[in-house]
Amino acid sequence: MSDELVTETISELRTIANYQFGAGAGMALFPPGSADTVTIRWSTGGRPRQVLVSTGRLVSFGTDGRFTLGLVGGRRLVHTLSSPTARVIVGEESDRFIRAGRNVFAKFVRTVDPAIRPKDDLVVVRSDDTVLGVGKAKLSAEGM
């Protein structure tokens, strides 16, 4: 894979991230000159499928043109974007359930990004922005 193709692809992925998660998300997920080398796994059709760094998966790129966040990608978003952007903030009583891979129930949600819609990818955090997990919204922000 040529460096030019990877650079062009990263630029396109930044644009998609900015659209999906908000301004600044592209640079948060794919910072220029990052110490982490970005590895892109391609589909047989030539589309980027997974974007990885040495610490894990940043995102997967779906056939619908949207990202599915990996835990590493979620941490990068939380580190860069102001709260509550792309987040669901939960109480500490749900820590062990979320870390075990279970769902977040609406009654445990303290704050949520008002722009969240059903099927949006988001980061589940505590009030101190400690990342507990990543997931997909089943409800709108208002419903949570």
Only unsatisfied item for LEU52, checking (1) modelled with pLDDT of 95 or more; (2) under 15 Å from the mean Cα position of the chain (by Cα), is (1)
For the stretch 80-96 the number of residues that are out of contact with any strand residue (DSSP E or B) (no Cβ under 9 Å at 6 or more places or on another chain) and not charged (D, E, K, R) is 3
Among residues of the stretch 60-76 being part of a loop (DSSP other than H, G, I, E, B) and more than 13 Å from GLN20 (Cβ to Cβ), the residue least open to solvent (accessible area, probe 1.4 Å) is GLY70
Test result for GLY135, buried (at least 16 other Cβ atoms within 10 Å of the Cβ) and within 26 Å of SER11 (Cβ to Cβ) = no
Just one listed residue, out of SER43, SER60, is of a type in the set (Gly, Ala, Ser) and over 19 Å from LYS136 (Cβ atoms), and it is SER43
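Okay, residues lined up against (1) over 18 Å from the mean Cα position of the chain (by Cα); (2) closer than 23 Å to GLY62 by Cβ; (3) among the aromatic types (Phe, Trp, Tyr):
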{"residue": "SER83", "(1), (2), (3)": "no, no, no"}
{"residue": "GLY91", "(1), (2), (3)": "yes, no, no"}
{"residue": "SER94", "(1), (2), (3)": "yes, no, no"}
{"residue": "PHE108", "(1), (2), (3)": "yes, no, yes"}
{"residue": "VAL112", "(1), (2), (3)": "no, yes, no"}
Of the residues in the stretch 43-59 that are more than 21 Å from VAL134 (Cα to Cα) and of a type outside the set (Ser, Thr, Tyr), the one that is least open to solvent (accessible area, probe 1.4 Å) is GLY46
By residue number, the members of the stretch 16-42 that are assigned to a loop (DSSP other than H, G, I, E, B) and open to solvent by 20 Å² or more (accessible area, probe 1.4 Å) are GLY22, ALA23, GLY24, PRO31, PRO32, GLY33, SER34, ALA35, ASP36, THR37, VAL38
Checked pairs for the stretch 83-101, first within 13 Å of GLY135 (Cβ to Cβ), second crowded, with 16+ Cβ neighbours inside 10 Å and aromatic (Phe, Trp, Tyr), C-beta under 7 Å and 6 or more apart or across chains, list as ALA86/PHE21; VAL90/PHE108; SER94/PHE108
Pairing a residue in the stretch 53-64 that is farther than 15 Å from ILE10 by Cβ and among the small types (Gly, Ala, Ser) with any residue that is modelled with pLDDT of 90 or more and in a loop (DSSP other than H, G, I, E, B), where Cβ atoms lie under 8 Å and the two sit 6 or more apart in sequence or on different chains, gives GLY56/GLY70; SER60/GLY70
Screening ARG117, ARG110, ARG102, ARG87 for residues that are under 11 Å from ALA141 (Cβ atoms), open to solvent by 70 Å² or more (accessible area, probe 1.4 Å) and either in contact with a Phe, Trp or Tyr (Cβ under 8 Å, 6 or more places away or on another chain) or not hydrophobic (A, V, I, L, M, F, W, C) (or both) leaves only ARG117
Going through (1) in contact (Cβ under 8 Å) with a residue 40 or more places away in the chain; (2) open to solvent by 20 Å² or more (accessible area, probe 1.4 Å) one by one, GLY143 fails only at (1)
Expected output for the stretch 22-42 (first residue farther than 15 Å from THR9 by Cβ and modelled with pLDDT of 90 or more, partner open to solvent by less than 70 Å² (accessible area, probe 1.4 Å) and of a type in the set (Lys, Arg), Cβ below 6 Å, 6+ apart or cross-chain) is ALA28/ARG76
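The values are calculated or read from the model by the stated rules, or taken from the named source; none is laboratory data. Everything quoted here is computed from the prediction, not taken from an experiment. Don't worry about glycine lacking a Cβ; one is built from the backbone with ideal geometry, like all the others, and counts go over all protein chains shown. Just the protein is used for accessible areas: all its heavy atoms, side chains included, with ligands, DNA and RNA removed. Shrake-Rupley method; radii C 1.70, N 1.55, O 1.52, S 1.80 Å.
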